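Novice: Sharing a structure below in structure tokens format, with a few things to ask.
The values are calculated or read from the model by the stated rules, or taken from the named source; none is laboratory data. Treat the numbers as computed from the prediction; the structure is a model and nothing was measured. When we count neighbours, we look across all protein chains shown, and the Cβ atoms used for this are built from the backbone with ideal geometry, even at glycine. Protein only, heavy atoms only, side chains kept; ligands, DNA and RNA dropped before computing areas. Shrake-Rupley method; radii C 1.70, N 1.55, O 1.52, S 1.80 Å.
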Amino acid sequence: MSLSNFSDKKTFEIFDIYSNDEGSFTKTRIPLKNIFGDAPVSRSQANRVCNRLDKFKEVIIDFDGIDWVGQGFAHQMFVVYKNQHPDIEFIPVNMNEAVTKMYNHVISD
């Protein structure tokens, strides 16, 4: 990771993105390519991603750079974990066609 010393971003702008009106951190973004490279496949990988997500109300799952996902991974995250934590809103973003197909497959069962 690299950070620019010349960023125009203000600290409060970053905090505002991930916090609610009371200042609590309620949102997070998970860039999967930083964790898995190109293709998470297993339930255990999904469990690692979901660890401590129960601290948030909104979770953005970023699939940018992910070629595909395994059925076990998608089912564990978007069905099993989601059913166990219905108050958490999962927002998948940057899904390619293969990832979208698997996502739709597991949530339609």
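Novice: If you go through the stretch 1-57 one residue at a time, how many are in contact with a strand residue (DSSP E or B) (Cβ under 9 Å, 6 or more places away or on another chain), at pLDDT below 75 and either in a helix (DSSP H, G or I) or open to solvent by less than 100 Å² (accessible area, probe 1.4 Å) (or both)?
Specialist: Summing the residues that are in contact with a strand residue (DSSP E or B) (Cβ under 9 Å, 6 or more places away or on another chain), at pLDDT below 75 and either in a helix (DSSP H, G or I) or open to solvent by less than 100 Å² (accessible area, probe 1.4 Å) (or both) in the stretch 1-57 gives 5.
Novice: Show the residue pairs meeting these rules: Cβ distance below 8 Å; 6+ apart or different chains; first residue within the stretch 22-39 and hydroxyl-bearing (Ser, Thr, Tyr); second residue at pLDDT 85 or above and open to solvent by less than 40 Å² (accessible area, probe 1.4 Å).
Specialist: THR28/LEU53; THR28/VAL59; THR28/ILE60
Novice: Count, please, the residues in the stretch 61-91 that happen to be more than 17 Å from ASN47 (Cβ to Cβ), touching a strand residue (DSSP E or B) at 6+ places or on another chain (Cβ under 7 Å) and crowded, with 19+ Cβ neighbours inside 10 Å.
Specialist: So the count comes out to 1.
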